[in-house]
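Down below is the structure, laid out as structure tokens.
Nothing in this text is a laboratory measurement; each read-out follows from the coordinates by a stated rule. All values derive from a computational prediction rather than experimental measurement. Because the Cβ atoms are built from the backbone with ideal geometry, glycine has one as well, and the counts that use them run over all protein chains shown.
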Amino acid sequence: MTTPAQITFAAVSIDPIAETTGKIAVLMGADGKLDKGARRVNSLMRKALTRFAESDRFTKMKAGDAVELAFPANMAAEGVIVAKLDNRRDVDEARKVGVSIAKLRGSGPLLVLAGPSPRASEIALGIALRGYTFTDHKQDKGEAPGAVTMMVAKPEDATADYAAKAAVAEGVFFTRDLVTEPANVLTTTEFADRLVALKDIGVKVEVLEEKDLEKLGMGSLLCVGLGSASPSKVVVMQWEGGKKGAAPFALVGKGVVFDTGGISLKPAAGMEDMTMDMGGAGVVAGVMKTLALRKAKANVVGLVGLVENMPSDRATRPGDVVTSMKGDTIEVINTDAEGRLVLADVLWYAQDRFKPTGVINLATLTGAIIIGLGHENAGVFSNDDTLCNAFLKSATAEGEGAWRMPMGQAYDDMLKSHVADMKNVGTRAAGSITAAQFLKRFIQDGMPWIHLDIAGTASVKEDTAYAPKGATGWGVMALNRLIADTVEG
């Protein structure tokens, strides 16, 4: 399990600066003004920071950027990182400063001279989020990162403020670990076991096995895993931090631990990336961990459908008709459109059992959303403007790209089947929208609902704002904020 860096906050003191090993980071505004700690560094370096602030190199730096001045004179540190922070109250800029510092910090100890910055905890979160690395399956795990200490004007306040943000970082890392794990390690059983372990931090967890799903009539979900030796499961996680007996908010995640496409087999090229097809379930797990760690005053239930989509003599065939828990029949046109079959039953179960105040589901559902939005934004589909606008506001505040997509009857009509109540895919046109329309058929009347298609944002080939290439943990921060602002608020 990967854990974020341990970050502590201390009062500003110039005494240890000269002897500090590792690296030291200083914050500098566009005016080149230095705080107490930075002035001490500047003095030791014989005004090198002042000269740098007057250089074209500093002028051309963007807010949030950082550079390193290596092997400073009169100091034990191996480098001084200069980060440009123009607006000390801007959350996004402060986090970007943290990310930029993390990229340059190396593996040794790090001292950040944050001084009077009121956003020191945001800088710390940026450092924590960007410090992710997954080495579980490498012999050379590299050096363990050194301690991070931030000198601030009010360390007690910064420590208290960072506590909730540290919980967010833990949740993001949990999601990234799950999404990164190979499918031979993260089987449906192993995934469920890792979620059961959340009991240790106060989450109520139960695992529904195949016999339970059969009794519930989850024929849509079960048909996806027929070709695999890994048993299909549904894991239910409950965080009950709100008013006793109050209806929860529900999060539902697609957990396809590996997707070959089934009988509708995917091309070989790129199939190795399908270890991330459980990304929606990974985000739900990360949010639940965050809520528990920060003791959120909210009732939230997270449900994930765990399956593996494999071809075999038992696998579902194109043309088969299955019956969902709702009772609707589905003609399976393409077995590679399996995620919606999983979500259909889990969505219905979540509403039927928990009567939630609202539902958000997440899934790496369609390649079409990547064609439409690339890797910058997740697709947002909703039947409720109030809930949707609140989520978009939260996503924007957390710097997680999200874009609302259209829905409508014309798209729904594309799912008509001549042998069943519906088919699981439409035509090639508007593939992400017809997938959302399919899911909407399993949302009860009057239930506020959002479908998040995170196929483009769950795992990427290049660095993002807060993560190295690979699993991003997209959605944990936005959903945590949404719950804090609307469910707790």
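Here are a few candidate values for Cα extents along the principal axes in Å: (1) 101, 53, 40; (2) 81, 49, 41; (3) 71, 66, 40. Which one was actually calculated from the structure I just gave you?
(2)
What angle, in degrees between 0 and 90 and rounded to the nearest 10, separates the Cα long axis of helix 91-104 from the longest principal axis of the Cα atoms of the chain?
Approximately 80 degrees, to the nearest ten.
Using the alpha-carbon centroid of each, what span in Å lies between segment 317-387 and segment 466-489?
Answer, in whole Å: 20.
Along the charge dipole of segment 237-395, pointing to its positive end and built from +1/-1 on Cβ of Lys, Arg, Asp and Glu, which listed residue (Gly339, Gln238, Gly327) has its Cα farthest out?
Going by the Cα projections, it comes out as Gln238.
Rounded to the nearest 5, what % of the DSSP beta bridges within the chain are antiparallel ones?
Around 40 percent antiparallel, to the nearest 5.
Place a +1 charge on the Cβ of each Lys and Arg in segment 285-410 and a -1 charge on the Cβ of each Asp and Glu, then give the dipole magnitude about the Cα centre in debye, rounded to the nearest 20.
660 debye
To the nearest 20 debye, what is the magnitude of the charge dipole of segment 230-289 about its Cα centre, counting +1 on the Cβ of each Lys and Arg and -1 on the Cβ of each Asp and Glu?
380 debye
For segment 348-454, give me the percentage of DSSP beta bridges that are antiparallel, rounded to the nearest 5 percent.
Percentage antiparallel, nearest 5: 35.
Evaluate E = 1/(1 + (r/R0)^6) for Ala229 and Thr21, where r is the Cβ-Cβ distance and R0 equals 45 Å; express this FRET efficiency to the nearest 0.05.
With R0 = 45 Å, the Cβ-Cβ based efficiency is 0.30.
Mind giving me the FRET efficiency for Lys469 and Ile371? R0 is 25 Å, r the Cβ-Cβ distance, nearest 0.05 is fine.
With R0 = 25 Å, the Cβ-Cβ based efficiency is 0.75.
So for the chain, taking the charge dipole from beta-carbon charges (+1 Lys/Arg, -1 Asp/Glu), which of Gly261, Ala430, Ala471 sits furthest toward the positive end?
After comparing all options, I get Ala471.
Counting only DSSP beta bridges with both residues in segment 3-121, what percent are antiparallel, rounded to the nearest 5?
Roughly 35 percent of the beta bridges in segment 3-121 run antiparallel, per DSSP.
Roughly how many nanometres apart are two label points built 7 Å out from the Cα toward the Cβ at Ala429 and Asp328?
Placing both labels 7 Å beyond Cα along the Cβ direction yields 2.1 nm.
Rounding to the nearest 10 and keeping the result within 0 to 90°, find how far the Cα-based axis of helix 279-293 lies from the longest principal axis of the chain.
Value to nearest ten degrees: 60.
Using 0.36 nm per residue of separation minus the Cα-Cα distance, give me the extension gain between Ala160 and Lys266 in nm, one decimal.
Full-extension gain reported as 33.3 nm.
Rounded to the nearest 0.05, what FRET efficiency do Arg46 and Lys461 have when you use their Cβ-Cβ distance and R0 = 51 Å?
0.70
Lys and Arg at +1, Asp and Glu at -1: add these up for the other residues within a Cβ distance under 13 Å of Lys47 and post the number.
Residues near Lys47 contribute +3 overall.
Using only the alpha-carbon atoms, how far is helix 339-354 inclined from the longest principal axis of the chain? Give it as 0 to 90 degrees, nearest 10.
90 degrees
Placing unit charges on C-beta atoms (Lys and Arg positive, Asp and Glu negative, everything else neutral), compute the dipole magnitude of the chain about its Cα centre in debye, rounded to 20.
Approximately 1360 debye in magnitude.
What distance in nm separates the two pseudo spin-label positions at Lys204 and Asp320, each 7 Å out from Cα along the beta-carbon direction?
Placing both labels 7 Å beyond Cα along the Cβ direction yields 3.4 nm.
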